[in-house]
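Below is one structure, written out as structure tokens; the observations come after it.
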Amino acid sequence: GAQPISWPRRLAAGFLAGFGLAADYSGIVPLIALYFYLLAARASSAGFWKAWRESLVFAVGAAPMGLFLLGTQWAMFGSPWYPAQYWMPSADYTDQGWRGFSWPAPDLFALNLFDPEYGLIPFGPILVLGMVPVWRQPAERLLVPRRERRWIAGYVLAFLVFCAANQYARMQWNTGFRFLLPIVPFLFLTACDRLARMSRTALAALSLPVLLHSWVIAMSRKSVVESWSEFLERGIQLRWLTALRQTSMADGTPLAHPLAPAVALGAAVALAVLVWRAGRGARRPRCLV
């Protein structure tokens, strides 16, 4: 923009982007995307060279985590240059491309979006709103400006292509949705342009099934189809209670009763309402006579 982002924010953004890379090699995609967005957005008003000098703060912020990654790889594997996947024993898909990383596969691209075991849309259907263009909306009414929307679209597409080349993504059937998590916050930002323009009635009608869908998946932690099947068969479940039952810690106690989840949930809701009402009462000004 016309004014530079403060250097502490540029430094913090670089550090967090570098941390993403240190946590997983797929973090290279958001790190590069965020850097070039910072550079291009500033260059449009201040010129390339000034924008490049200011962007060095971002690079300085990312450097410690990059060095940390190289250092840990050197300490663990004897070489700083190869990720852990290079050293791991052969497993499913490691024979494809370079240790499981090959040319983007169209079928894997589609699976990452639509597969009920780990697809983005089955797990987060509300994010579809973030993919709908806003061509007819006036620029001044957009929460996310058009330039940022174009950048987000490019970043989302780049990450989808990257994950379509990562054949390890095919093994998500037993872990659920996770590989595409780095694009979720950005898609939700673009979805907010649609959500903010809905009436309260429409927003409530959309929010309730979306929240229920997320809760059903969280209760089961299986594919979307299996999660809903369990919910329709067993009703409300709580993960902590399910874990206790699976370890037999609830046997012979009230926690083993089929109504235990509903009772626990009802008690939690009642407590939340009491706290909320008490808070409202505490904030209400007293009348002085």
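The values are calculated or read from the model by the stated rules, or taken from the named source; none is laboratory data. If you're wondering where the values come from, they're calculated on a predicted model, not measured in any experiment. In this analysis, Cβ positions are derived from the backbone assuming ideal geometry, glycine residues included, and neighbour counts consider all displayed protein chains. Surface accessibility is based on the protein's heavy atoms, side chains included, excluding ligands, DNA and RNA. Shrake-Rupley method; radii C 1.70, N 1.55, O 1.52, S 1.80 Å.
In the context of the full set of protein chains, the stretch 1-47 has a per residue accessible area of 55 Å² (1.4 Å probe). Spatially, the stretch 206-237 and the stretch 77-116 are offset by 30 Å when compared through their Cα centroids.
I want to verify the translational diffusion coefficient of the chain in µm²/s; compute it with Stokes-Einstein, Rh as the Kirkwood radius over Cα pairs, at 25 °C and 0.890 mPa s. Answer from the Stokes-Einstein relation: 107 µm²/s.
Only alpha carbons enter this Debye calculation for the stretch 80-127, each as an equal point scatterer, and the log10 of I(q)/I(0) it gives at q = 0.17, 0.21, 0.28 Å⁻¹ is -0.67, -0.81, -0.95. In this structure the stretch 176-216 gives 57 Å² per residue of accessible area when probed at 1.4 Å with all protein chains present. When a/c reaches 1.5 or more, the comparison of a/b and b/c decides; with that in mind, is the stretch 168-207 rounded, prolate or oblate per its Cα gyration tensor? Oblate, since a/c reaches 1.5 and b/c is not below a/b. Full extension of the segment from residue 262 to residue 68, taken as 0.36 nm per residue of separation minus the current Cα-Cα distance, would add 65.1 nm.
Computed across the stretch 152-272, the Kirkwood radius stands at 17.6 Å (inverse of mean 1/r, all Cα pairs). The Cα-based radius of gyration of the stretch 35-151, divided by its Kirkwood radius, gives an Rg/Rh of 1.09. Scanning the chain for chymotrypsin sites (Phe, Trp or Tyr not before Pro) in DSSP loops with at most 13 neighbouring Cβ atoms within 10 Å leaves 136-289 as the longest stretch between them.
Using only side-chain charges placed at the Cβ, +1 for Lys and Arg and -1 for Asp and Glu, the dipole size of the chain relative to its Cα centre rounds to 1620 debye.
Look at the dipole of the chain built from charges on Cβ: of 134, 66, 33, the Cα furthest out on the positive end belongs to 134. The apolar share of the surface of the stretch 99-209, taken as the fraction of accessible area on carbon and sulfur atoms (1.4 Å probe, ligands and nucleic acids excluded), comes to 70 percent.
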